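**Q** Mind looking over this structure? Questions follow.
The values are calculated or read from the model by the stated rules, or taken from the named source; none is laboratory data. The structure displayed is predicted, hence computed values, not measured ones. Heads up, the Cβs are rebuilt from the backbone with ideal geometry, glycines too, and the neighbour counts pull from every protein chain shown. Protein only, heavy atoms only, side chains kept; ligands, DNA and RNA dropped before computing areas. Shrake-Rupley method; radii C 1.70, N 1.55, O 1.52, S 1.80 Å.
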Amino acid sequence: MGRRPHPKTPAGQKSPYPRLYGRHAVFAALDNPHRVFRKLHVTHATAKTIVIPRGLAVQYGDDADLGRLVPSDAPHQGFVLEVEPLESVWLGDVLADAQRDNANRPIIVLDQVTDPHNVGAIMRSAAAFNARALVTQDRHAPGESGVLARSASGALEMLPWCRVVNLARALDEIGDAGFWRIGLEGEATVELEAALAKTQPCLVLGAEGEGMRALTRERCDQLAKLPIAAAMESLNVSNAAAIALYAAARRGL
C-alpha cells in the first residue's frame with residue numbers, strides 16, 4: 001500500500017524516535033514488517049522472553065533504568081523499543097482498495113481529537129471491528145507515542161492511518177468514492193442505526209466538548225446520534241467510536 005512520510009515526533013521525548021513500551025505494543029511493533037527499529041531496551045529477565053531481531057541494538061538495564069526512558073509510572077513491563085514513525089498511508093490507496101474489494105468496512109474520521117489515549121483506544125476498536133482505516137489531520141492530532149501505542153494495544157501496527165493536510169478535502173474524496181459520511185452529534189434527530197441502513201459508512205467524530213468543526217459538519221451526508229439516556233449528556237469520544245463501529249459491524253449479522 002502506498003505511503004507518504006510524516007515528520008511529526010511526539011513532543012517531550014529525549015530520543016528523536018518514538019519510544020513504545022509494554023509487552024503488547026513492543027511485540028506488535030516487532031511483528032510489523034513496515035517498522036524500522038532503532039534500539040530495544042530490556043531487562044535481563046525480559047530478554048529471555050522475546051526473540052530479538054538480528055542486528056537490532058539492545059540496551060540492558062533494570063526496571064528503574066527503563067522507567068527513566070518513559071513517562072512517569074508508565075507500565076513498561078521490562079520492554080522499551082525505539083522506532084521510526086510509521087509512514088502515513090495515502091488515502092487514495094485506501095479508497096482504491098475499497099473500490100476493488102467491495103467489502104462494506106467503515107472508515108473512521110477524527111476531527112481534532114487530540115488525546116493520545118482516546119486516539120489509541122479508537123484504533124483498538126477500529127481494528128477489532130474491521131474498520132478500513134483511520135483518518136486524522138496531520139496537525140491537531142497526536143503523533144506516535146508510547147501512550148498512544150499502549151492504548152491501541154497493537155492496533156497501531158495493523159490499522160491503516162491516513163494523516164491528511166486538509167480534512168474537509170479528504171471528506172470530499174471519501175464521499176466521491178461512495179462512502180456515506182455520518183457525523184456523530186448528540187443533537188441530531190436520527191439515531192445511528194437508521195442512518196447506517198445499508199450504506200458504506202464513514203463515521204466522523206469530533207473533539208469532546210467542541211464536537212466537529214463547521215467545515216467538517218458541512219461535509220457530512222447525515223448527522224446521527226447514539227441512543228443514550230437523557231440523563232447522560234454525552235460519552236467519551238473513544239466509547240462513542242466503539243459503539244458506532246460495533247453498530248456498523250453488526251449489520252451483517
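**Q** Could you state the angle between the C-alpha long axis of helix 237-249 and the longest principal axis of the C-alpha atoms of the chain, as a value from 0 to 90 degrees rounded to the nearest 10?
**A** 70
**Q** What do you get when you divide the Cα radius of gyration of the chain by 2.2 N^0.38 Å, with N the number of residues?
**A** In units of the 2.2 N^0.38 Å rule of thumb, it is 1.06.
**Q** Taking H placed 1.01 Å from N in the peptide plane, check which residues at least 5 places from Asp138 or on another chain put their amide H under 5 Å from its amide H.
**A** Distant-sequence amide H within range of Asp138: Val164, Val165.
**Q** Could you work out which residue, out of Arg163, Arg68, Arg35, moves most in a Gaussian network model of the chain, that is, has the largest mean-square fluctuation with Cα springs under 10 Å?
**A** Answer for the Gaussian network model of the chain: Arg68.
**Q** Also, quick follow-up: Each residue of the range 17-32 in turn: what ³J(HN,Hα) in whole Hz from Karplus with 6.51, -1.76, 1.60 and θ = phi - 60°, glycine and Pro shown as x?
**A** Going residue by residue, I get 10, x, 10, 8, 9, x, 4, 4, 5, 6, 5, 5, 5, 5, 8, 8 Hz, with x marking Gly and Pro.
**Q** May I ask you to rank Phe37, Phe79 by accessible area, largest first, using a 1.4 Å probe over the protein chains only?
**A** Phe37, Phe79
**Q** Can you tell which of Gln99, Gln112, Gln137 shows the greatest fluctuation in a Gaussian network model of the chain with Cα springs below 10 Å?
**A** Gln99
**Q** Also, I was wondering about something else. Sort all Cα-Cα distances of the range 114-253 into consecutive 10 angstrom bins from zero, then give the percent of pairs in each bin up to the one containing the longest distance.
**A** Once binned at 10 Å, the Cα pair distances of the range 114-253 give 12, 44, 38, 7.
**Q** So, one more: First check a/c for the range 146-227, with a ≥ b ≥ c the square roots of the eigenvalues of its C-alpha gyration tensor; if it is under 1.5, answer rounded, and if not, answer prolate when a/b is larger than b/c or oblate otherwise.
**A** Verdict is prolate for the range 146-227.
**Q** Once you've got the GNM for the chain with C-alpha springs shorter than 10 Å, pick whichever of Glu144, Glu233, Glu82 has the biggest mean-square fluctuation.
**A** Taking springs between Cα atoms under 10 Å, the residue moving most is Glu233.
**Q** Mind checking which aspartates and glutamates have their Cα closer than 16 Å to the Cα of Lys198? Skip sequence neighbours fewer than 8 apart in that chain.
**A** Straight-line reach from Lys198, under 16 Å: Asp221.
**Q** How large, in Å, is the range 207-253 by the Kirkwood hydrodynamic radius built from its alpha-carbon pairs?
**A** Radius from the Kirkwood sum: 12.4 Å.
**Q** Considering only protein heavy atoms, what is the solvent-accessible area of His34 at a probe of 1.4 Å, reported in Å² to the nearest 10?
**A** 110
**Q** Here is a further query. Using alpha carbons only, how many degrees (0 to 90, rounded to 10) separate the axis of helix 91-101 from the longest principal axis of the chain?
**A** Rounded to the nearest ten degrees, it is 70.
**Q** What accessible area, in Å² to the nearest ten, does a 1.4 Å probe give for Glu157?
**A** Answer for Glu157: close to 30 Å² accessible.
**Q** Tell me, what is the 1.4 Å probe accessible area of Asp62, in Å² to the nearest 10?
**A** 80
**Q** For the chain, what does the helix formula give at 222 nm: sum of -39500 (n - 2.57) over DSSP H segments with n ≥ 4, over the residue count, nearest 500 deg cm²/dmol?
**A** Estimated from H runs of four or more residues: -9000 deg cm²/dmol.
**Q** Please work out the C-alpha center-to-center distance from the range 168-194 to the range 237-252 and express it in whole Å.
**A** 14
**Q** Let me ask something additional. Give the long-range amide H neighbours of Ala133: residues separated by 5 or more places, or on another chain, with amide H under 5 Å away, using H modelled in the peptide plane at 1.01 Å from N.
**A** Ile108
**Q** For the pair Glu218 and Arg54, how long in nm is the line joining their label points, each one 7 Å along Cα→Cβ?
**A** Spacing of the two 7 Å Cα→Cβ label points: 5.7 nm.
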